[in-house]
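**Student:** Submitted below is the structure of interest, expressed as structure tokens.
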Amino acid sequence: MPMFEAIPDLSKARILVSNDDGIEAQGIKVLERIARSLSPDVWVVAPSSEQSAVAHSLTVRRPLRIIRHGPRHFAVDGTPTDSVLLGVRQILADRRPDLVLSGVNRGCNMADDVTYSGTVAAAMEGTLLGVPSIALSQQFTGDEAVRWDTAEHWAPDIIRRVTAVGWPDNVLINVNFPDLPVLEISGVDIVRQGKRRIGDELTERIDPRGQPYYWVGGQRVEEQGEPGTDLAATAGGRIAVTPLCVDFTSFDSMDRLSSAFQ
């Protein structure tokens, strides 16, 4: 199986940082500091505004613009996918990045969330472009401030460790930090994607003209999940590291379906 080459020394790596919360989000500032603790060659290319839950959408019905925000800082008036695509193919065309980091997302991206997540999508686009990519998310309950210091403390070592061994070139790495203080994290688990009941509820309201409209709820029911999953890891106070494959093919189903056409 083709592999991304291991990066034993990140100090010489070119790192592209992106996200889905927008270039002004607190999480991307945290991630830039994380990246700069690994290498001096850090570039930020992110959406100009929040693009949460846009998944792996690509803008094809209008032109895209790149807005310079300063040295090595660029905003794209599009999606996370657009940002990574333009970052790799246009802004860094002279020398491709060695690593894409996406996040740090405000809120976790686990279980079913990964199919909606713009944070994961940015890492997916990097992977499809042939660049090893890692998505990072910080869990929070919504009742207190986001514990950015937890992600900032733990992320550099995790990034160093996973890039030092490499992984298949059709895989991205998804990292979720529990909503706990730095010293209460009990370790790191390599786990599979979990499954949980989606707690979103459709809220119906009536506009001033008497017509109904709907809000899709943003909160999900938190469940501990089955052992060995990202949900169980974070519920147990551990950082969840999950390799996600961008090849959606169900190889187990191919032989069964092929028999129907013999």
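**Student:** Using the Karplus curve 6.51 cos²θ - 1.76 cosθ + 1.60 with θ = phi - 60°, work out ³J(HN,Hα) for each residue of the range 180-194 in order, rounded to whole Hz, and write x for Gly and Pro.
**Tutor:** Values per residue, Gly and Pro as x: 9, x, 3, 6, 9, 6, 9, x, 10, 10, 8, 9, 8, 5, x Hz.
**Student:** Let me ask something else. With only alpha-carbon atoms in the gyration tensor, what are the semi-axes of the equivalent ellipsoid for the range 10-261, in Å, largest first?
**Tutor:** Values: eigenvalues 139, 114, 98 Å².
Here the semi-axes work out to 26, 24, 22 Å.
**Student:** Could you tell me the distance between the Cα centroids of the range 131-148 and the range 1-70, to the nearest Å?
**Tutor:** Result: 15 Å between the Cα centres.
**Student:** Which part of the range 172-197 falls in the paramagnetic zone of residue 256, meaning amide N under 16 Å from the point 7 Å along Cα-to-beta-carbon?
**Tutor:** none
**Student:** I need 150, 249 ordered by Cβ neighbour count within 10 Å, fewest first.
**Tutor:** On the way: 150 23, 249 9.
The most exposed by this proxy come first: 249, 150.
**Student:** Shifting gears a bit: For the chain, with a Gaussian network of springs between Cα atoms less than 10 Å apart, report the residue from 189, 247, 98 with the top mean-square fluctuation.
**Tutor:** Taking springs between Cα atoms under 10 Å, the residue moving most is 247.
**Student:** A further question on this structure: Please sort through the DSSP H helices of the chain and keep those with an alpha-carbon extent of at least 20 Å along the long axis and a Kyte-Doolittle average not below -0.5.
**Tutor:** Details: long enough: 148-165 (26 Å, -0.26).
Flagged H segments are 148-165.
**Student:** Can you tell which of 35, 240, 53 shows the greatest fluctuation in a Gaussian network model of the chain with Cα springs below 10 Å?
**Tutor:** 53
**Student:** Whats the longest run of the chain with zero trypsin sites (Lys or Arg not before Pro) that are DSSP loop and have at most 16 other Cβ atoms within 10 Å? Mind dumping the intermediate values first?
**Tutor:** Numbers: sites that count: 61, 65, 72, 95, 195, 197, 209.
Here the longest run is 96-194.
**Student:** I would also like to ask the following. What does the C-alpha gyration tensor say about the overall shape of the range 113-262? Classify as rounded when a/c is under 1.5, otherwise prolate if a/b is larger than b/c, or oblate.
**Tutor:** Numbers: a/c = 1.83, a/b = 1.07, b/c = 1.71.
In terms of gyration-tensor shape, oblate.
**Student:** Sticking with this structure for a sec: Using helices alone, I'd like the mean residue ellipticity at 222 nm for the chain: each DSSP H run of four-plus residues gives -39500 (n - 2.57), total over residue count, nearest 500.
**Tutor:** It comes out at -7000 deg cm²/dmol, rounded to the nearest 500.
**Student:** Moving on. Using a 10 angstrom cutoff on alpha carbons, build the Gaussian network for the chain and name the most mobile of 133, 102, 49.
**Tutor:** Maximum fluctuation in the GNM of the chain, among the listed residues, is at 49.
Read-outs: derived from the displayed coordinates by stated rules, not from any lab. Remember, it's a predicted structure, so these values are computed and weren't measured experimentally. Don't worry about glycine lacking a Cβ; one is built from the backbone with ideal geometry, like all the others, and counts go over all protein chains shown.
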